[in-house]
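Down below is the structure, laid out as structure tokens.
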Amino acid sequence: MHCPFCQHSDTRVIDSRVSEDGATIRRRRVCEACGERFSTLETIELKLPVIIKGDGRREAFDARKLRNGFDRALQKRPVAEEQIEAAVRAVVHQLRMTAERELASRRVGEFVMAELRKLDHVGYVRFASVYRSFQDVADFREELDRLEREAAPAESQLPLLDGEPAALARARKKVP
């Protein structure tokens, strides 16, 4: 590995640590010429499917775009970074498991929506509103109604409507 400071071709690994999920290795290195230290991340490189966009263009899968989509949907929501990382890994795993060379972006969006639904209902509705191109408030209401019908009461979720206590929301669901 070349030194990023002096471009010398000989660096030595002084420490290696495996990440908690076992997907990456962080290596601490020192340059033999200038003595500067730096870190590298080593990850497994697997072939992921090419994504076919709505207009027919084909793009290589980009995990950063996937992460940015999760970040935008979950902005200012009470979801831990570890949960977001786990959701991103779950989507990437689903992409690998399809074993397809090309995959429509709509399928990727469905994978993302399934993970967001598990994480945070507000983030899910945010993503769905863009993904499904909601045109008016009725589209939001329809999606909220569908979400309320399908979702089992989750104690960890905040209510969908402001000012509505979770107990009231559950009671409202039980009344015909």
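Residues that are of a type outside the set (Lys, Arg) and either touching a residue at least 60 places away in the same chain (Cβ under 8 Å) or surrounded by fewer than 10 Cβ atoms within 10 Å (Cβ to Cβ) (or both): does the stretch 2-14 have at least one? Scanning the stretch 2-14 turns up no residue that is of a type outside the set (Lys, Arg) and either touching a residue at least 60 places away in the same chain (Cβ under 8 Å) or surrounded by fewer than 10 Cβ atoms within 10 Å (Cβ to Cβ) (or both).
With the condition kept exactly as written, say whether any residue in the stretch 132-149 is under 22 Å from Arg57 (Cβ atoms) and either at pLDDT below 90 or surrounded by 12 or more Cβ atoms within 10 Å (Cβ to Cβ) (or both). Yes, that holds for at least one residue.
Taken as a whole, the structure places Glu85 among residues that are surrounded by 14 or more Cβ atoms within 10 Å (Cβ to Cβ), of a type in the set (Asp, Glu), more than 23 Å from Ser133 (Cβ to Cβ) and modelled with pLDDT under 95. Would you mind stating whether Val50 is touching an Asp or Glu at 6+ places or on another chain (Cβ under 6 Å), β-branched (Val, Ile, Thr) and surrounded by 13 or more Cβ atoms within 10 Å (Cβ to Cβ)? Yes, satisfied. Could you tell me which residue of the stretch 92-128 is surrounded by the fewest Cβ atoms within 10 Å (Cβ to Cβ), considering only residues that are more than 14 Å from Asp71 (Cα to Cα) and among the β-branched types (Val, Ile, Thr)? Checked the stretch 92-128; the qualifying residue surrounded by the fewest Cβ atoms within 10 Å (Cβ to Cβ) is Thr98. Leu74 meets the conditions (1) in contact with a helix residue (DSSP H, G or I) (Cβ under 9 Å, 6 or more places away or on another chain); (2) at pLDDT 90 or above; (3) among the aliphatic types (A, V, I, L, M); (4) surrounded by fewer than 14 Cβ atoms within 10 Å (Cβ to Cβ) in every case but one. The failed one is (4). Among the conditions (1) farther than 28 Å from Ser105 by Cα; (2) of a type in the set (Lys, Arg); (3) exposed (fewer than 10 other Cβ atoms within 10 Å of the Cβ), Arg17 misses just one, which is (3).
Listed here are the residues, each with its yes/no results for (1) under 18 Å from Val122 (Cα atoms); (2) under 14 Å from the mean Cα position of the chain (by Cα); (3) among the aliphatic types (A, V, I, L, M); (4) assigned by TED's automatic domain parsing to the domain that holds Gly123.
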{"residue": "Gln83", "(1), (2), (3), (4)": "yes, yes, no, yes"}
{"residue": "Leu103", "(1), (2), (3), (4)": "no, no, yes, yes"}
{"residue": "Arg106", "(1), (2), (3), (4)": "no, no, no, yes"}
{"residue": "Gly109", "(1), (2), (3), (4)": "yes, yes, no, yes"}
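If you go through the stretch 67-112 and keep only what is basic (Lys, Arg), under 26 Å from Glu20 (Cα atoms) and in contact (Cβ under 8 Å) with a residue 40 or more places away in the chain, you end up with Arg72, Arg77, Arg89, Arg96. Please go through the stretch 129-147 and give me each residue that is under 24 Å from Arg67 (Cβ atoms) and among the aliphatic types (A, V, I, L, M), ordered by number. The answer is Val130, Leu147.
The values are calculated or read from the model by the stated rules, or taken from the named source; none is laboratory data. Computed from a predicted structure; not experimentally measured. No Cβ is skipped: glycine too gets one built from the backbone with ideal geometry, and neighbour counts run over all protein chains shown.
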